[in-house]
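Quick notes on the structure that follows.
FYI, it's all coordinate maths here, none of it is from the lab. From a predicted model like this one, the values you see are computed outputs, not experimental measurements. Note that we place each Cβ from the backbone using ideal geometry, even for glycine, and neighbour counts take in every protein chain shown.
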Amino acid sequence: MKRQIVRFSPHQNAKVVAILMALGSLVFLIPMFVVFSFTVPPVDSRGNPTDFLGAMFLLFPVIYLIFGYIFTVIGCTIYNFFFKYIGRPSPRCSRGTWSRSRTTRSESWPTG
């Protein structure tokens, strides 16, 4: 049986992508925050105090969240409008009985 994706839900996809982007940015931002907190000099070359903007690192995941949501909604909306011209993705699905206890790797992963 061939199944086709008829429509991408912009809101649902955007929520998932935005949250994953915000969480994914933390992988880079937390180490950068630690490194910059120890390497930023307390004064510049003229002796003026410099402030390390730690709040900036809290703002970046929020920016990723907002823009990830907006652009995913735009992308899904564009795709939903043009799917009649470019076609729909049709993933290959198989129907069968799946048993967790008796299924071996060769039986559970079809090759071909």
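For the reader, a short list of remarks on this structure follows.
Residue-by-condition table, conditions (1) surrounded by 11 or more Cβ atoms within 10 Å (Cβ to Cβ); (2) touching a residue at least 12 places away in the same chain (Cβ under 8 Å); (3) among the polar types (S, T, N, Q):
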site	(1), (2), (3)
Met21	yes, yes, no
Asp44	no, no, no
Leu53	yes, no, no
Ile63	yes, no, no
Gly68	yes, yes, no
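- Filtered residue count, region 14-38, keeping only those that are of a type in the set (D, E, K, R) and under 15 Å from Leu53 (Cα atoms): 0
- Those residues of region 1-51 which are among the β-branched types (Val, Ile, Thr) and not in a strand (DSSP E or B), in sequence order: Ile5, Val6, Val16, Val17, Ile19, Val27, Ile30, Val34, Val35, Thr39, Val40, Thr50
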